[in-house]
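**Student:** Sharing a structure here in structure tokens format.
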Amino acid sequence: MTLLITIVSAVVCTLIWYRNAQHDVMKVSDLCFIYWGASLMWLVDAVFEYAEMGADFFTPSFSDMVNDTFLGISAVTLGLVAWTAKLIIKDPKHILKRSNNHE
């Protein structure tokens, strides 16, 4: 479930970035890299887990599905937090700089 959630997030983010690629002031491309990196990490994890568990990999328990869902949502949220922190630090639209000049 973590792999599915991060891949969906990566695809949606990539579509948003591609649609506005010429004007990527908000650096959505960085968010795409974060999500695709997380997707690659979960893919490698799934391959190794399948190699260890075999066919049992495809029949997880309900509690495992819920835990994986929360983990996937947490990974996507943490990616958004990291991207937002970078935006606040870089201030690409100079919003913070202008608000400090008015004071």
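The values are calculated or read from the model by the stated rules, or taken from the named source; none is laboratory data. Bear in mind that the values here come from a model prediction, so they are computed numbers and not experimental data. In this analysis, Cβ positions are derived from the backbone assuming ideal geometry, glycine residues included, and neighbour counts consider all displayed protein chains. Keep in mind that these areas ignore ligands, DNA and RNA; they rest on the heavy atoms of the full protein, side chains included. Shrake-Rupley method; radii C 1.70, N 1.55, O 1.52, S 1.80 Å.
**Student:** So how many residues does region 1-10 have that are within 11 Å of the chain's Cα centre (by Cα) and open to solvent by 60 Å² or more (accessible area, probe 1.4 Å)?
**Tutor:** Total satisfying the criteria: 2.
Matching residues to (1) in contact (Cβ under 8 Å) with a residue 40 or more places away in the chain; (2) closer than 22 Å to I88 by Cα; (3) open to solvent by 80 Å² or more (accessible area, probe 1.4 Å):
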| position | (1), (2), (3) |
| --- | --- |
| H23 | no, yes, yes |
| M26 | yes, yes, no |
| L43 | yes, no, yes |
| Y50 | no, no, yes |
| D64 | no, no, no |
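**Student:** Where residues in region 1-19 are in contact with a helix residue (DSSP H, G or I) (Cβ under 7 Å, 6 or more places away or on another chain) and not hydrophobic (A, V, I, L, M, F, W, C), which of them is modelled with the lowest pLDDT?
**Tutor:** Across region 1-19, the extreme among qualifying residues is T2.
**Student:** Can you pull out the residues in region 19-36 that are closer than 25 Å to S74 by Cα and not hydrophobic (A, V, I, L, M, F, W, C)?
**Tutor:** K27, S29, D30, Y35
**Student:** Would a scan of region 74-91 turn up a residue that is open to solvent by 80 Å² or more (accessible area, probe 1.4 Å) and farther than 23 Å from F33 by Cα?
**Tutor:** no
**Student:** Shifting gears a bit: Any idea which of L31, L96 is under 11 Å from the mean Cα position of the chain (by Cα), part of a helix (DSSP H, G or I) and surrounded by 11 or more Cβ atoms within 10 Å (Cβ to Cβ)?
**Tutor:** L31
**Student:** Follow-up. What residue, of A38, A51, is closer than 16 Å to A10 by Cβ and not acidic (D, E)?
**Tutor:** The conditions single out A38.
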